[in-house]
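This report refers to the structure that appears directly beneath it.
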2 protein chains.
Amino acid sequence: MINQKQIANDLGISVATVSNALTGKGRVSEDVIRLVTSRAEELGYFPSAAGRALKTGRSGILGLVMPDITKPVFPKFAEGVEAEAEKCGFGILIANSRSTEEGQTKAIKQLIQRGVDGIIVLPQRRTAPNINRVPYATASTASDPNNTVAANHTQGGQLAAHALLDLGHRNFLLLGSDALSPVQKDRIEGMIEVLNGAAQYEVCWVSESFPDLVQKNQDGVTAILTTSDLLALRAVTEAERSGLKCPEAISVMGFDDLPLATAVRPTLSTIVPDTTELARRLVAYLDAAIRQEPTLPTPSIVDMTIVLRESTGPVATQFPNPTRR
Amino acid sequence: MINQKQIANDLGISVATVSNALTGKGRVSEDVIRLVTSRAEELGYFPSAAGRALKTGRSGILGLVMPDITKPVFPKFAEGVEAEAEKCGFGILIANSRSTEEGQTKAIKQLIQRGVDGIIVLPQRRTAPNINRVPYATASTASDPNNTVAANHTQGGQLAAHALLDLGHRNFLLLGSDALSPVQKDRIEGMIEVLNGAAQYEVCWVSESFPDLVQKNQDGVTAILTTSDLLALRAVTEAERSGLKCPEAISVMGFDDLPLATAVRPTLSTIVPDTTELARRLVAYLDAAIRQEPTLPTPSIVDMTIVLRESTGPVATQFPNPTRR
DNA sequence: CTACGATGATTAAACGATTAACCAGAGAAT
DNA sequence: ATTCTCTGGTTAATCGTTTAATCATCGTAG
């Protein structure tokens, strides 16, 4: 293995000078710097992560704790965090909390033992991670008191509701899949805030059985707002199977802009969280905390945007439910 | 920070004894072992990753290079690798090759600089990673000469074709999205092997424009085999939109068993790669290589399984295409 | 009674990089 | 000529753990 000692011996100088030359600290002449860097290049030298970590107390690695990377919301997030971390010179060690609190604490402990400099946690169910040895940042919902950044799920819900109100819809079905999820609750709440007084609506938490969309449509429902693209997909396909054209008979709005949103016909209108920006702020916060900067970024909220595709359209002008038998 | 020196001082013994007591090496009396472990427990001690790594030359971390974690095939894989690695005491450092060869070599270099003990690469486009400092394992297609394990994509394709032949279908449309992908080529090839002589088929690589399914159906096609659940989803929804019921008028088979497969109606029949087993073998190989075991596992191939859901059914008995206008 | 093997613990040297403290030499100022 | 400062470099200690080599003690066998 090639180390600084090797380079030092080759050039007849001391390791300290080699280190100084390579890191730019201390006092070294331009000539020696050139000599050292070129020899280092020749030998294919790069500093030992372990040696540096031991001395400096920094590993250059951040831990990322996610509930379940197979759930399609998280990969985009992971990607964003990885990209941002790389820009700041950090690597990303992943850990799986398996959507449980015990799993979460276990994952955090493991990461600390592996020597990470900081931890990013996506807590589920509003659990507050208990970390004392290293700085950490959480991305939770805006309503969560202890978060570093939050996606504005409520505002996302508002966006969805506004868009369909603008298209003339006045009778909504709001679909969620998990009434205990703070994220979903916030999204639904945002929708309700906008719809209250302006339209009729019904909230439905689907677990096993899916609501009878034909029935709902006959009752006047022309728009479905969901808390996830997966639910939207289910709604669209259930609707079309029963002869309800989307968006002609019924509009459907998704959430999260998953890869499937553009793979399905009609393509899904959806609400997009800015995962890149969330990742950017999380990493920036941790970076500052790790470098012990005097002032740290304060908790902030990132708004969502809307992308209108084929699954939403204006409310039918003539007869509201053309499929009535 | 709590270290072995602390424990040693507390108990009036030497650090070497502490180390020996904790690792079970050397010669230490049972009494001292008990003393040391209990004191370590009290203080909440755990070994410094950096210190240990520096001395032993092992970081206990594996690198995972994937083309693009936002593509829905990869998260399941990452999950499997993480779980298996954890069982062997390894952590997983992720790196993004951005689906390019330069990105791949850059990612590998970064991982090595961070001191990983081994690297798992999911190479795309049959690129052979050039790694010399640490052992590595690749998961490629069976037709790729330099792989550690491979999912049997060809056999997966055969499975798909067989299943629909058994259901009575005799006229197939094979859909792929990327004719350059070795994985997709292998899958299609497997299908063709089985269909040759037994049925009529047409291969179609879709990029922007999707084939006219009504037209195809009128031409006699009753089954669509795809190389991905995303394509299958597209096919199902395109079909149902044009009035072709799935599976009554046309059967659709997916690939990979993505989360969306059960979120759509009809639920997608699909071919499932055993990512857990793939991950297990990759990690096992690396573990053996890192421990310098004399004999390493030889390259092997993991078969796929089929799961039949709602999107496939028996070929229509009476009139093959009931939607003819 | 002495030598020896076994046992249990200690000493000290790594591993590779960083960094505070120190030192030699040259030029400038007094 | 002497001191002072600045420059460019070296020495040595340090981070925390592991491990080979060494040492002391004690029971036992020759």
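The values are calculated or read from the model by the stated rules, or taken from the named source; none is laboratory data. Remember, predicted model here, so these are calculated numbers, not experimental data. Ideal geometry is used to build each Cβ from the backbone, glycine not excepted, and the neighbour counts take in all protein chains shown. Heavy atoms of the whole protein, side chains included, go into the accessibility calculation; ligands, DNA and RNA do not. Shrake-Rupley method; radii C 1.70, N 1.55, O 1.52, S 1.80 Å.
Between A:Val206 and A:Leu296, the C-beta separation translates, for a Förster distance of 41 Å, into a calculated FRET efficiency of about 0.50.
The value obtained for the range A:168-277, namely the Cα convex hull volume divided by the number of residues, is 109 Å³ per residue.
Each listed q (0.08, 0.15 Å⁻¹) maps to a log10 I(q)/I(0) for chain A from the Debye sum over equal C-alpha point scatterers, namely -0.50, -1.12.
Magnitude of the charge dipole for the protein assembly as shown, about its Cα centre and with charges confined to Cβ atoms of Lys, Arg (+1) and Asp, Glu (-1), is about 1420 debye.
What is the local net charge at B:Arg291, summed over the other residues whose Cβ is closer than 10 Å to its Cβ (Lys, Arg +1; Asp, Glu -1)? Taking every other residue near B:Arg291 into account, the sum is -2. Annotation: peptides B:11-19, A:93-101, B:157-165, A:222-230, ranked by per-residue average of other Cβ atoms within 10 Å with the highest first, follow the order A:222-230, B:157-165, A:93-101, B:11-19. An ellipsoid equivalent to the protein assembly as shown, defined through the eigenvalues of its Cα gyration tensor, has semi-axes of 51, 32, 22 Å when rounded to whole angstrom and sorted largest first.
Here the accessible area of the range B:4-47 is 48 percent carbon and sulfur, with a 1.4 angstrom probe and all protein chains present.
Here the dipole of the range B:4-47 is about 180 debye; that uses its Cα centre as origin and unit charges on the Cβ of Lys and Arg (positive) and Asp and Glu (negative). Between amide H atoms placed 1.01 Å from N, distances below 5 Å from A:Ser269 occur with A:Gly254, A:Arg309, A:Glu310, A:Ser311, A:Thr312, all of them 5 or more places distant or on a separate chain. Mean-square fluctuations from a GNM of chain B, with a 10 angstrom spring cutoff on Cα atoms, peak among B:Gln200, B:Gln124, B:Gln104 at B:Gln200.
Quick check: Cα centre of the range A:1-29 to Cα centre of the range B:162-216, how many Å? Answer, in whole Å: 61. For the range A:215-226, backbone phi angles converted through the Karplus equation (6.51, -1.76, 1.60; θ = phi - 60°) give residue-by-residue couplings of 4, 4, 5, 5, 6, x, 5, 10, 9, 10, 9, 10 Hz, Gly and Pro being listed as x. Once the Cβ-Cβ distance of A:Glu277 and A:Asn9 is raised to the sixth power relative to R0 = 35 Å, the FRET efficiency obtained is 0.10.
Less than 5 angstrom separates the built amide H of B:Gly91 from those of B:Ile61, B:Leu62, all sequence-distant by 5 or more or on a different chain. Taking every DSSP bridge with both residues inside the range A:1-135, close to 0 percent are antiparallel. In this structure B:Phe210 has an accessible area near 40 Å², from a 1.4 Å probe over the protein heavy atoms.
Counting Cβ atoms of other protein chains within 10 Å of each Cβ in B:80-88 and taking the mean gives 2. Just checking the listed ones, B:Leu195, B:Leu260, B:Leu180: in the Gaussian network model of chain B with Cα springs under 10 Å, the one fluctuating most is B:Leu180. Close amide-amide hydrogen proximity is noted between B:Ser140 and B:Thr148, B:Val149, B:Ala151, each under 5 Å apart and 5 or more residues distant or on a separate chain (H modeled in the peptide plane; Pro and chain starts excluded). Projecting the Cα atoms of B:Gly91, B:Thr298, A:Ile290 onto the charge dipole of the protein assembly as shown, computed from C-beta unit charges around the Cα centre, puts A:Ile290 farthest toward the positive end. For B:Arg133 and B:Glu42 in one chain, what is 0.36 nm times their gap in residues minus the Cα-Cα distance, to one decimal in nm? Taking 0.36 nm per residue and subtracting the Cα distance, the gain is 28.8 nm.
Each copy carries a label point for B:Ser209 at 7 Å from Cα toward Cβ; from one copy, the others' points are 4.7 nm away, ordered from shortest. When both bridge partners sit in chain A, DSSP labels roughly 10% of those beta bridges antiparallel. Take A:Asp31, move 7 Å from Cα toward the beta carbon, and the resulting point lies 6.5 nm from the same point in each other copy, nearest first. Peptide B:234-245 has a mean shielding of 3, counted as Cβ atoms of other protein chains within 10 Å of each residue's Cβ. Leaving out ligands, DNA and RNA, calculate the buried accessible area for the pair A and B with a 1.4 Å probe, summed over both sides, in Å² to the nearest 100. In total, chains A and B hide about 4600 Å² from solvent. Accessible surface for the protein assembly as shown, divided over its residues, is 45 Å² per residue with a 1.4 Å probe. With its label point defined 7 Å out from Cα along the Cα-to-Cβ axis, B:Arg125 lies at 4.5 nm from the matching points of the other copies, in increasing order. Across the range A:256-261, computed HN-Hα scalar couplings (Karplus, 6.51 cos²θ - 1.76 cosθ + 1.60, θ = phi - 60°) run 4, 6, 6, x, 5, 4 Hz from first to last residue, x flagging Gly and Pro. Relative to the Cα centre, the charge distribution of the range A:153-272, modelled as +1 at Lys and Arg Cβ and -1 at Asp and Glu Cβ, gives a dipole magnitude of about 220 debye.
Positive-end ranking of A:Leu230, B:Pro75, B:Gln6 along the dipole of the protein assembly as shown, with charges on Cβ about the Cα centre, is headed by B:Gln6.
Taking every residue in A:253-260 and counting other chain Cβ atoms within 10 Å of its Cβ, the average works out to 3. Of the cross-linked pairs B:Lys185/B:Lys245; A:Lys71/A:Lys109; A:Lys5/B:Lys109; A:Lys71/B:Lys109; A:Lys87/B:Lys5, those separated by over 25 Å at the C-alpha level are B:Lys185/B:Lys245; A:Lys71/B:Lys109; A:Lys87/B:Lys5. For the options A:Glu240, A:Glu189, A:Glu208, a Gaussian network treatment of chain A with springs between C-alpha atoms closer than 10 Å singles out A:Glu208 as fluctuating the most.
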